[in-house]
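Accompanying notes for the structure given below.
The values are calculated or read from the model by the stated rules, or taken from the named source; none is laboratory data. All figures in this text were calculated on a predicted structure; none of them were measured in a lab. Note: ideal-geometry Cβ built from the backbone for every residue, glycine included; neighbour counts use all protein chains shown.
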DNA sequence: TAGCTGATTGACT
DNA sequence: GTCAATCAGCTAA
């Protein structure tokens with residue numbers, strides 16, 4: 001299965017966030033294969049978007065303004081990593097936060113990394129859980145998502161999923177913008 | 001150098 | 001529903 005082409009990411013973050021739903025995120029970290037279907041995303045824009053790290057995390061500017069298809073990983077609240085895909089052509093800031101996954105392959109590995117025997121539906125439901133299940137760390141910051149140990153593959157299966165849209169959650173600014181997308185009938189979205 | 005903030009989670013009342 | 005854990009990178013001094 002080929003990964004999504006660079007061109008996929010060279011579009012507005014809003015469009016990338018929506019089209020990423022249903023795609024498969026694949027991690028080969030540690031020699032183990034772990035993959036899941038993306039069921040929840042959020043779009044973050046440039047400085048005009050008050051919630052975007054492009055506006056108040058200058059250390060990340062280089063990535064935000066670079067070409068799409070690059071991973072942006074950061075640590076927040078000291079304990080949790082968050083995985084983003086940079087979107088838009090060079091010079092255009094924007095990224096997509098991947099919030100939740102439906103485990104497809106390697107559930108045993110994910111469960112072991114999570115330290116739980118829990119049901120699959122909780123393995124990657126939430127940005128922090130997702131990165132832990134796939135062993136994504138700050139080392140992946142700046143990694144190429146079109147080739148490497150961490151890639152995203154096109155959606156498989158019949159038709160397009162039913163997509164819901166609403167305000168983003170867990171943030172303290174610009175909470176009124178409808179930039180959060182998720183698969184409407186999926187039980188794997190975060191709370 | 002000290003202090004602050006945050007796109008979260010899980011445990012507890 | 002509330003609340004602490006915990007750290008990278010910025011800001012102020």
Original post:
Which residues, taken from segment A:35-76, are within 9 Å of DNA strand B (Cβ to nearest atom), touching a strand residue (DSSP E or B) at 6+ places or on another chain (Cβ under 7 Å) and either part of a loop (DSSP other than H, G, I, E, B) or free of Cβ contacts under 8 Å to residues at least 12 places away in the same chain (or both)?
Top reply: A:51, A:52, A:76
**OP:** Give just the number: which of (1) surrounded by 22 or more Cβ atoms within 10 Å (Cβ to Cβ); (2) in contact with a helix residue (DSSP H, G or I) (Cβ under 9 Å, 6 or more places away or on another chain); (3) not in a helix (DSSP H, G or I) does residue A:16 not satisfy?
**Re:** (3)
Original post:
Yes or no: residue A:50 surrounded by fewer than 21 Cβ atoms within 10 Å (Cβ to Cβ) and farther than 18 Å from residue A:179 by Cβ?
Top reply: no
**OP:** Among what's in segment A:78-92 and is over 16 Å from the mean Cα position of the chain (by Cα) and in contact (Cβ under 8 Å) with a residue 12 or more places away in the chain, pick the residue that is nearest to residue A:137 (Cα to Cα).
**Re:** A:79
Subject >> Exclusive hit being more than 15 Å from residue A:25 (Cβ to Cβ), modelled with pLDDT of 90 or more and either more than 13 Å from DNA strand C (Cβ to nearest atom) or in contact with a helix residue (DSSP H, G or I) (Cβ under 9 Å, 6 or more places away or on another chain) (or both), set A:37, A:114, A:99 >> reply: A:114
Subject >> Residue count, segment A:143-181 (criterion: within 24 Å of residue A:48 (Cβ to Cβ) and within 16 Å of DNA strand B (Cβ to nearest atom)) >> reply: 16
Original post:
If we keep just the residues of segment A:77-94 that are part of a loop (DSSP other than H, G, I, E, B) and more than 16 Å from DNA strand C (Cβ to nearest atom), which is nearest to residue A:18 (Cα to Cα)?
Top reply: A:87
**OP:** Scan segment A:149-177 and report the pairs whose first residue is at negative phi and whose second residue is within 16 Å of DNA strand C (Cβ to nearest atom) and part of a strand (DSSP E or B), with Cβ atoms within less than 8 Å and a gap of 6+ or a chain change.
**Re:** A:150/A:71
